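The values are calculated or read from the model by the stated rules, or taken from the named source; none is laboratory data. Just so we're clear, the structure is a prediction, and the values are computed from it rather than from any experiment. With ideal geometry, Cβ positions are generated from the backbone for all residues, glycine too; neighbour counts draw on all protein chains shown.
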Amino acid sequence: MPVDATGSATADPGTHLPDLASFLKNLSNQLSELGRHEEGLAAVEEATTLRRRLARADPDAHLPRLATSLTELSHLFADLGSHKRALTATAEAVAVRAAGAVCGSPSPGADISHSAE
C-alpha cells in the first residue's frame, strides 16, 4: 500500500515530509497489528526513505528519527523471518544514532536536561 509522497509534501518538504513519515510509521504499526506485515513493511520502508531524505537535508533535526525508522524496519524484517535484513537495518540504526550523537542530536523524546550527565 505505497503512498505517493508527491504534491504538497514535496512542495515544502520541511513542513510536510516529517508528518508524512510519521503517518506512514503509524500506518505500518496498525497494519502489523492486523497481521498484514508485508503491507506494514512497505509503509515503513517508505517512511525510512523519507527520513533519509530529511536527514540528508538537516542531520541535526532528522538523524534520530531516521534511526527510529530503521529500528522499526528491523522489527518488521524480523517478523517476516528476514533476519539478515533485520540485522543490516539494526546496524545502520546504530551507525545513524552514533552519527546523531556526533552531530549533537538528542534521541526522539529524550530528556535533554540530563544529557550532560
| request: Might you let me know whether segment 39-59 holds any residue that is over 14 Å from the mean Cα position of the chain (by Cα), more than 19 Å from Thr15 (Cα to Cα) and at pLDDT 95 or above? | output: yes
| Test for Ala67: is it of a type in the set (A, V, I, L, M, F, W, C), within 19 Å of Ala93 (Cβ to Cβ) and modelled with pLDDT of 95 or more | yes
| said: Take Ser82 and tell me if it is out of contact with any strand residue (DSSP E or B) (no Cβ under 9 Å at 6 or more places or on another chain) and crowded, with 16+ Cβ neighbours inside 10 Å. | reply: no
| Which pairs have Cβ atoms under 6 Å, sit 6 or more apart or on different chains, and link a residue in segment 81-97 that is hydroxyl-bearing (Ser, Thr, Tyr) to one that is buried (at least 17 other Cβ atoms within 10 Å of the Cβ)? | Thr90/Ser74
| message | I'd like to know if segment 92-109 contains one or more residues that are on the phi > 0 side of the Ramachandran plot and modelled with pLDDT of 65 or more. | response | no
